[in-house]
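Comments concern the structure below.
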Protein chains: 2
Amino acid sequence: MSTTGRFTLPGEEHFVKQTEELCQRWGADAIRNSDGTSLDKELLGLGKKVYSAYFPARGYNGWIREHMDETPQVFLLTDRVLAQNGRVDIDLMSGFFDQQFTPNRDDDPHRYWEVIDRTTGAVLPDESWNLDPDLDRVHIEGAMPMHEYTVTFLARIIWDPVEMYNHLTNDWGDREHQIPLDIYHPATRDFAMKAFARWLKDNPSTDVVRFTTFFYQFTLLYDQHQQEKIVDWLGYACTVSPRALEDFSREYGYRPRAEDFVRDGSYNSSFLVPTRTQRDWMDFISRFVRANVATMVDMTHAAGKEAMMFLGDQWIGTEPYRPGFSDLKLDAVVGSVGDGTTLRMIADIPGVRYTEGRFLPYFFPDTFHEGNDPSIEGLDNWRKARRAILRSPISRMGYGGYPSLAIKFPKFVDTVAAIAEEFRDLHRHTGSRPAATQLTVAVLNSWGAMRSWMAYTVAHALPNQQTASYYGILEALSGMRVSVRFISFDDLLSQGVDPDIDVIICGGPEGTAFSGGTVWKNPELVRILRTWTENGGGLIGVGQPTALDWQGRFFQLADIFGVDQERYRTLSVDKHFSPTIQDHFIIHDLPENAPADFGHPILDTYPIDGHTSLLRADGGQVQLAVRDYGSGRGVYLSGLPYSAVNARLLERALFWAAHKEERYRKWSSDNPECEVAVFPQSETFCVINNSEMAQRTEIRLPGGTSRALDLGPSAMVWQPLPSEKRDHED
Amino acid sequence: MSTTGRFTLPGEEHFVKQTEELCQRWGADAIRNSDGTSLDKELLGLGKKVYSAYFPARGYNGWIREHMDETPQVFLLTDRVLAQNGRVDIDLMSGFFDQQFTPNRDDDPHRYWEVIDRTTGAVLPDESWNLDPDLDRVHIEGAMPMHEYTVTFLARIIWDPVEMYNHLTNDWGDREHQIPLDIYHPATRDFAMKAFARWLKDNPSTDVVRFTTFFYQFTLLYDQHQQEKIVDWLGYACTVSPRALEDFSREYGYRPRAEDFVRDGSYNSSFLVPTRTQRDWMDFISRFVRANVATMVDMTHAAGKEAMMFLGDQWIGTEPYRPGFSDLKLDAVVGSVGDGTTLRMIADIPGVRYTEGRFLPYFFPDTFHEGNDPSIEGLDNWRKARRAILRSPISRMGYGGYPSLAIKFPKFVDTVAAIAEEFRDLHRHTGSRPAATQLTVAVLNSWGAMRSWMAYTVAHALPNQQTASYYGILEALSGMRVSVRFISFDDLLSQGVDPDIDVIICGGPEGTAFSGGTVWKNPELVRILRTWTENGGGLIGVGQPTALDWQGRFFQLADIFGVDQERYRTLSVDKHFSPTIQDHFIIHDLPENAPADFGHPILDTYPIDGHTSLLRADGGQVQLAVRDYGSGRGVYLSGLPYSAVNARLLERALFWAAHKEERYRKWSSDNPECEVAVFPQSETFCVINNSEMAQRTEIRLPGGTSRALDLGPSAMVWQPLPSEKRDHED
């Protein structure tokens, strides 16, 4: 009854029998090791495909201990220190974890570091400061009393941050810390390539090299209390070295400043509008990374193995959605599935033969401990992912961590067995094809396609109070019956709006890469979007869309959204809120007992005039408003954290904005907890219950009929596609 | 039993007997007419001092109808009009009340008006637009499609806004509209002066000329629906004329643009950081206004009468807190008392012999109608004012409107009788001296002393959702046992912090005149405040104090407040909230059932490090935090709308910030609804109940003793000052 395939199981030492049992239960056709585990010979003999994690840039302490000037480096910004008088001492490491970093005292600090008066922004001249290398302290002379000073210094990363995280989380005690390598240095690069060649030779039974990952870790810096201080899943902070800076300088004609990397303490979070220097540096590093990835992939293929990249950890510089990714010839990408968004982030990657999702929970003691039921998280994770898989299927699934922990939780083992079976079932029903879509939606921001499904992200799949209102848009879209693409302001400026796009969503907090910042001073961008909307497009703004204090508007496309935000400049101007509309296409079907949640408030918004229709305006501000604009339409949403109801609201808003309400009914579900996916080629459709409760829903079929369905908790049901003969009625 | 004096009664035609009765009941010693009323001869014979309202700039339709080019003018900003193609038509008056304004078509529009592309900010050249004077429509040629355009045009004000408001509110039907005069025009000025001379001669029984007011109305513009469109009680929008612009240009060497007056539609609200041009224009107009006020005051005195100015309506250009106000030789200022803040705005005015408060409610049918009890508003108004009067007594009180309406409400008549008696009683007990203060507090912003008690004001005494969180600071201070002064950033830069100042409060929304905006890029300002605090000063920041995106901080003095605001630039940086402290001087005594209300939220604030003590941090942000800073202290408050509890919280925060907690106990009341005022010279103290409910409070006396008191609703009790002999115990 149970089937096999599309499933990767983590292996573990001294655990052969149980692993075999789990393979059976879960239908695994592949087995892999994880960080900190290796596979017994017996496991290799089970006839499963074997993945071996390969860490190109860590695990070679023998080499790197002899070359400690060839670890990756990072510019670190110290705490701000107040000058009481002309002399200031700044302890470099007082805010950082000394087991993770050590200052680079060797490469001339005066060439690379910066001491900045943060009260004036002035960079101090060389002669006014010096480093005491014994104390790792910078002495400043001639400081201005009552000004604050910082040092931005180069530090070596002496503990691989992922291994460090795993070590600290799993309490690995005095296990030796893995020191990372920076292959930018030719000797270390040569070492790394030779080590890989040797490894390939030494691991004949490996079928798939699971690169975990390549060379540069995303930004993950710990503080003096061994706690996370800075995390940016997309950050390039740890890609620096004097050698790379000098090479860059020769190529680009300028050398980035220390400040270009720490940028006032933001460390170039992807929420910031990217600078030219930042983009240049990303180009520079990613060309280097990709060249070396390509080399390793070629070596892998030459050894008769597949090359699989893990989308995470040292993934910086690979950016799968940048052009040219397929040139790397990777066979597969595997990534951690935190939700629908991260599922799509993996599944939509172009140019690889297959993709794999590593589901949660990870089999670590923080979840697998007495008193906890990991199957709850497992099912929740699956339900979030499943709606996205229907729209864009990953090829394979798997889990990570210690199977010896998982096996102690029989309910969890059963749950995963059911999930794996459902996953394979889904592929069988759909022929691995995506469900049909009815609209094309573009998400617009500074980053565009390069950050497909990565917008609004700080830590992987961990939206917080500030980001959830925006991240929810992606999560809603990830499982919706629409085609999604990510476009940039530059795309619009260079090629206009693609003709197949029905709706554009733009939004984010003011001044960010997602809202756009000063890009809105470009009248051409404004003209393009107004013209497109005027001619029938649908523009949805979320939060502080198109925000810039400019010419008396804050939302520069307030004329389309119908809403602007009071910036305490026009308090003298009377605002008029018309009564909210209770009956509108966008809010039909929404359950009265589960109102939409607009998330983190956007304060002081107001309708710009009497032509804006307010659908929700609580607390003296606007949460949801709509407006006609020529032949097109505008929608304003103050925020949209993910929930079933919010996803339904967004779906309706998309159809309304696109002026395609008439398409909405067919294949809709009247219960927001349930969604329908249609597969015309397979002549089937399925209905899923995204909740852990039983649900009843009415599915509107072609021809105007409906079908009531009762779905058990988390259920997924497949039905044959009814005849479309009577479809003229829709 | 009842006494007489310090009370001004409004008179009315055909109402002699009842007026006499009201005089008796309320102890009036003066009688006045209001807008729309005049006094019967018999009233003049009652032996009361007679105030006559005088309107220097309206009520002369005979003259102004012959000189319609000499009304006041205003630059009006049209709605934004989207260009569909190269031609755009903008109807000037589509957003304005045509009975209030008419475009000035006579003074060359191309010289004074501006047509602006609001998408680019470009001012259109003359040749690309022209006015159709028949349609009052501007035609633009060569517009950029999908750009928005506005016209800023000069309009004549053809209906005095105050008379218009009174007319529309009281439904005066077809009564002729009063057209205002602009005495900037020599002929009209000459006329106005002669009219006044004639009036002085014609009104021998007038003792006090109640100027209501002078020449320029604060900004009050109505829209096409006869509704208020723009209101700014401090606004200079209606002081414009081509003649004044040209004179200004000769004197200052530049001519302000139309945009300088409408400033993106903000009309230079006092919330905006003032520009150089704005300040120059205010100087220019107020010199002109004051010169002519001085002339009228001299004429008044020469006629043997007193000159009283109404602080409101056409008060623009007089600014009582600007230096030189006493040179006008006004005898008195009268103003509307909306609350404690506006009471202090009147009472603190320097350089006049006496001040008078006109209390609320106004005897108009909007309040005095069947089913309403005006005594509730009357008592509420009195209680708010009373706590301020104890700190800074106005000399006189009165009411306005139609006494024939008031007399129909016997409870109201009784209430006012009691209020008037209590007011006189207060003066008798205190010898008209202010209560003793224990701290000196300065409120810091761009405007400083010039806007004493006028900070955070849009409409007079009408805080709204956006402003209440800041206005509450003033309202709390208005009745507090502290000396209050208003200082500007320029004051600090030119003379540092006055040595007697214990605490400085700065706060407001980002980018405003109250928060300071770009002034915080001036390191000298930062240095002065840090040094002062370091040396023992107390700095309290409210809302978004010292806010400017600069060098990695948003609150530039975050190091003092201990709190900064996340601007979505440092989402990658972990924030740590320590548990809130439950026991702290600032929150002692606050009733558990009436928590402090921090008003309009300030989102995403966080403690900058572990040295900040959080006293309140709900919803993932900080409402109240404190921090030591050298010998001084910083306090952060996210907002403080006025309430008894909030006033108590602020009082405690002030004593704490000043490091003078030991002074707090003596003369404190443990019930926030009750306050104590001490009058050492009169050897008395009083306790007031600021609520409409009976209250019990314990008053802490010198020497460490306490006295429990029961106060009836709204009560005020006087007690002799106890001996201070045992005061060493405090």
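The values are calculated or read from the model by the stated rules, or taken from the named source; none is laboratory data. Worth saying up front: this structure is predicted, and the values here are computed from it rather than measured. Note that each Cβ is placed from the backbone with ideal geometry, even for glycine, and that neighbours are counted across all protein chains shown. Calculation scope for accessible area: heavy atoms of the full protein, side chains included, ligands and nucleic acids excluded. Shrake-Rupley method; radii C 1.70, N 1.55, O 1.52, S 1.80 Å.
Details
- Cβ-defined net charge surrounding residue B:633, 14 Å radius [Lys, Arg +1; Asp, Glu -1]: -1
- The alpha-carbon positions of the stretch B:440-664 define a convex hull whose volume is 117 Å³ per residue.
- Dividing the alpha-carbon radius of gyration of chain B by the rule-of-thumb value 2.2 N^0.38 Å gives 1.01.
- Accessible-area composition of the protein assembly as shown, carbon plus sulfur, in percent [1.4 Å probe]: 48
- Residues along the stretch B:265-291 losing 10 Å² or more of accessible surface when the other protein chains are present rather than the chain by itself (probe 1.4 Å): B:265, B:266, B:269, B:271, B:272
- Take residue B:712, push a point 7 Å out from Cα through the beta-carbon direction, and compare it with the same point in every other copy: 7.5 nm, smallest first.
- Take every Cα pair under 8 Å whose residues are at least 6 apart in sequence, average their separation, divide by the length of the stretch B:129-247, and the relative contact order is 15 percent.
- Using the rule -39500 (n - 2.57) for each DSSP H run of four or more residues, divided by the residues of chain A, the 222 nm mean residue ellipticity is -8000 deg cm²/dmol.
- Under the convention that each Lys and Arg Cβ holds +1 and each Asp and Glu Cβ holds -1, the size of the dipole of the stretch B:549-699 around its Cα centre is about 320 debye.
- Cβ-based charge dipole, the protein assembly as shown, positive-most Cα from B:347, B:242, B:104: B:347
- The simple spin-label model puts a point 7 Å past each Cα toward its Cβ; for residue B:693 and residue B:169 those points are separated by 3.2 nm.
- Using only side-chain charges placed at the Cβ, +1 for Lys and Arg and -1 for Asp and Glu, the dipole size of the stretch A:668-726 relative to its Cα centre rounds to 280 debye.
- Under the Debye formula (equal points on every Cα, no solvent term), log10 I(q)/I(0) of the protein assembly as shown at q = 0.04 Å⁻¹: -0.31
- Copy-to-copy label distances for residue A:98, where each label lies 7 Å from Cα along Cα-to-Cβ, are 8.1 nm in order of increasing length.
- Local net charge near residue A:282, Cβ-Cβ under 10 Å (Lys/Arg +1, Asp/Glu -1): 0
- Mean separation of Cα contacts under 8 Å (6+ apart) over length of the stretch B:668-726, as relative contact order %: 34
- Unit charges on C-beta of K, R, D, E only; dipole of the protein assembly as shown, Debye: 280
- Distances in nm from residue B:376 to the matching label points in the other copies, shortest first (labels 7 Å along Cα to Cβ): 4.9
- Between chain A and chain B, roughly 5300 Å² of accessible surface gets buried, counting both sides and using a 1.4 Å probe.
- Comparing each chain alone with all protein chains together (probe 1.4 Å, DNA, RNA and ligands left out), the residues of the stretch B:526-545 losing at least 30 Å² of accessible area are B:527, B:530, B:534.
- A Förster radius of 30 Å combined with the Cβ-Cβ distance from residue B:500 to residue B:723 puts the calculated FRET efficiency at roughly 0.60.
- Projecting the Cα atoms of B:317, B:77, B:432 onto the dipole axis of chain B, where Lys and Arg carry +1 and Asp and Glu carry -1 at the beta carbon, places B:432 farthest toward the positive end.
- For the stretch B:269-390, the C-alpha radius of gyration sits at 1.26 times the compact-globule guess of 2.2 N^0.38 Å, with N the residue count.
- Over chain B, relative contact order from alpha-carbon pairs under 8 Å, at least 6 apart, %: 10
- Think of the stretch A:440-664 as having a plus end and a minus end, set by charges on the Cβ of Lys, Arg, Asp and Glu; of A:482, A:493, A:544, A:493 sits farthest toward the positive end of this dipole.
- Take chain A and mark each of the chymotrypsin sites (Phe, Trp or Tyr not before Pro) that is in a DSSP loop with at most 16 other Cβ atoms within 10 Å; the longest unmarked stretch, sites excluded, is A:255-576.
- Per residue, the accessible area of the protein assembly as shown comes to 34 Å² when a 1.4 Å probe rolls over the protein heavy atoms.
- Residue B:668 sits among other residues whose Cβ lies under 10 Å from its own Cβ, and their net charge, with Lys and Arg +1 and Asp and Glu -1, is +2.
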